[in-house]
Structures are given as structure tokens and as C-alpha cells.
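Reviewing the structure listed below.
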Amino acid sequence: MNAIVLSVALLALAPGADPSVSARVKTQAPASELPGYRIGPEDVLQISVWNNEPISRTTPVRPDGNISLPLLNDVPAAGLTPMELREQLVRRLADYMPNAEVSVIVTDVHSFKVSVIGAVPKAGRFELKSLTTVMDVLAMAGGLNEFASRSRIVVIRSNGAESERIPFDYDKVRAGDPTQANFQVHPGDIIIVP
């Protein structure tokens, strides 16, 4: 099975390949494998410390963004990449075990949520497990209803203390208009369909 997936991926990335195939392959990556993936509340982590079963465990990230581990008590995890958390655990464990070999794996992603409000059949908050586009999320919400203003959809994206409003034209994407991308949503995005 893995050989088939690899073959399809290589064909999609080959020079002259249909870009729509390449785009479909790229959107299948689990969110936790994204290069910039940040751990969030409710994610589940598998922490492994080589030759130390009492510390190794699977643990959820609490709503306050921390995880609890023996010897270390509360450890901030939310907002870090798995590699950054691993480095932090190695530093904090150094007092107890020099040169600790630690791995951090995100086993369940629960912090990648987006909301859809407005003129859709199923408005609400959706938990995503992989890279997802605006059109994919609108499909999860049941598409647009008959009163939706298809050219005035807006994606609100929080960038810390500020919010960005990104216009999205549904009809242009459906028509394949190159001036409107079917871009990927980010955790916390809010899609407003007037």
C-alpha cells in the first residue's frame, strides 16, 4: 500500500504533471506533520524517554497548554513545535539524566479547529485532521445556501493581537479563475458567508 501511495506522489510531483493531482497529494498530509505545526490544547502527545518507562507516556495537552510529566511537573507545550518541545524536555531532564534521548510524537490532533458562520446549512466549528482548503471546509458545512453572497465570503485569520480579513470568491474558484486561490485554512480561522 505504501508503495502505491509513494508512486502516486512521485508521479504527481514529476515535471509536466497535472498540478491538480499534485495539489490533491499535498493536501493529504496530517496536520501534525506540517513543518510549522504547533502543538495546541487537546492534542495528544506520546513522550518517549529512552530507557525510562516511568517518564515515557501518552499525555493530553491541557486547556492551559501544559502537559504533566513525572520529575518535571507542568511543562508548557502549546505553541511549540514537537521538536521545540523535545529540546525543552531534554534541557529540563538534564539535571536527572544527562544526554536524555527524548522523542515527541503528536498522536492525535484536536487543536486544529475552524469555524463557519452565515449562509450555510451546517454552521459550526469543525475539527480538522489534515491540511484543508476553504472549499473543503465549506463542503463540510453543507455548501452554500441559496441566499449566500458567493463573492463576498471572508476568512478571518488571527495573527496574535490583530486579525486579517481575507476575501474569498466561491464562484471564481469553481470557475478555475487564477485570480482566486482555494487556499488552506489555518487553526482558528473563521469563515464568514454573508
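The values are calculated or read from the model by the stated rules, or taken from the named source; none is laboratory data. A quick note: this is a predicted structure, and the numbers were derived from the prediction, not measured. Neighbour counts are summed over all protein chains in view; Cβ atoms, including those assigned to glycine, are modelled from backbone coordinates with ideal geometry.
Being over 25 Å from HIS110 (Cβ atoms), touching a residue at least 40 places away in the same chain (Cβ under 8 Å) and among the small types (Gly, Ala, Ser) narrows it down to one of ALA148, ALA181, so name that one.
Among ALA148, ALA181, only ALA148 is over 25 Å from HIS110 (Cβ atoms), touching a residue at least 40 places away in the same chain (Cβ under 8 Å) and among the small types (Gly, Ala, Ser).
Pull out all pairs, ordered by first then second residue, where Cβ-Cβ is under 8 Å, the residues are six or more apart or on different chains, the first lies in segment 154-167 and is closer than 18 Å to ASN182 by Cβ, and the second is of a type outside the set (Phe, Trp, Tyr) and part of a loop (DSSP other than H, G, I, E, B).
Final answer for the pair search is VAL154/PRO194; VAL155/VAL185; VAL155/ASP189; ILE156/ASP189; ARG157/HIS186; ARG157/GLY188; ARG157/ASP189; PRO167/ARG152.
Using the structure shown, decide if ILE55 is over 24 Å from LEU128 (Cα atoms) and crowded, with 17+ Cβ neighbours inside 10 Å.
yes
Among what's in segment 119-141 and is part of a loop (DSSP other than H, G, I, E, B) and surrounded by 13 or more Cβ atoms within 10 Å (Cβ to Cβ), pick the residue that is farthest from the chain's Cα centre (by Cα).
First, pick out the residues of segment 119-141 that are part of a loop (DSSP other than H, G, I, E, B): 119-123, 128-129, 131-132, 141.
If we keep only those that are surrounded by 13 or more Cβ atoms within 10 Å (Cβ to Cβ) as well, we get 119-120, 123, 128, 131-132, 141.
Values: ALA119: 25, VAL120: 23, ALA123: 20, LEU128: 7, LEU131: 6, THR132: 8, ALA141: 18 Å.
Among those residues, the one meeting the criterion is ALA119.
Please work out which residue is farthest from LYS122 (Cα to Cα), limiting yourself to segment 153-194 and to residues that are surrounded by 13 or more Cβ atoms within 10 Å (Cβ to Cβ) and among the charged types (D, E, K, R).
Step by step, filter segment 153-194, then rank; the result is LYS172.
Could you give every pair whose Cβ atoms fall below 6 Å, whose first residue belongs to segment 104-131 and is at positive phi, and whose second residue is part of a strand (DSSP E or B) and at pLDDT 95 or above, counting only separations of at least 6 or pairs across chains?
Final answer for the pair search is GLY118/ILE192; GLY118/VAL193.
Being part of a loop (DSSP other than H, G, I, E, B), at pLDDT 95 or above and crowded, with 16+ Cβ neighbours inside 10 Å is true for just one of ARG86, ARG150. Which residue is that?
ARG150
Tell me which of these LEU144 doesn't satisfy, since it passes every other one: (1) assigned to a strand (DSSP E or B); (2) out of contact with any His (no Cβ under 8 Å at 6 or more places or on another chain); (3) modelled with pLDDT of 95 or more.
Result: LEU144 passes all but (1).
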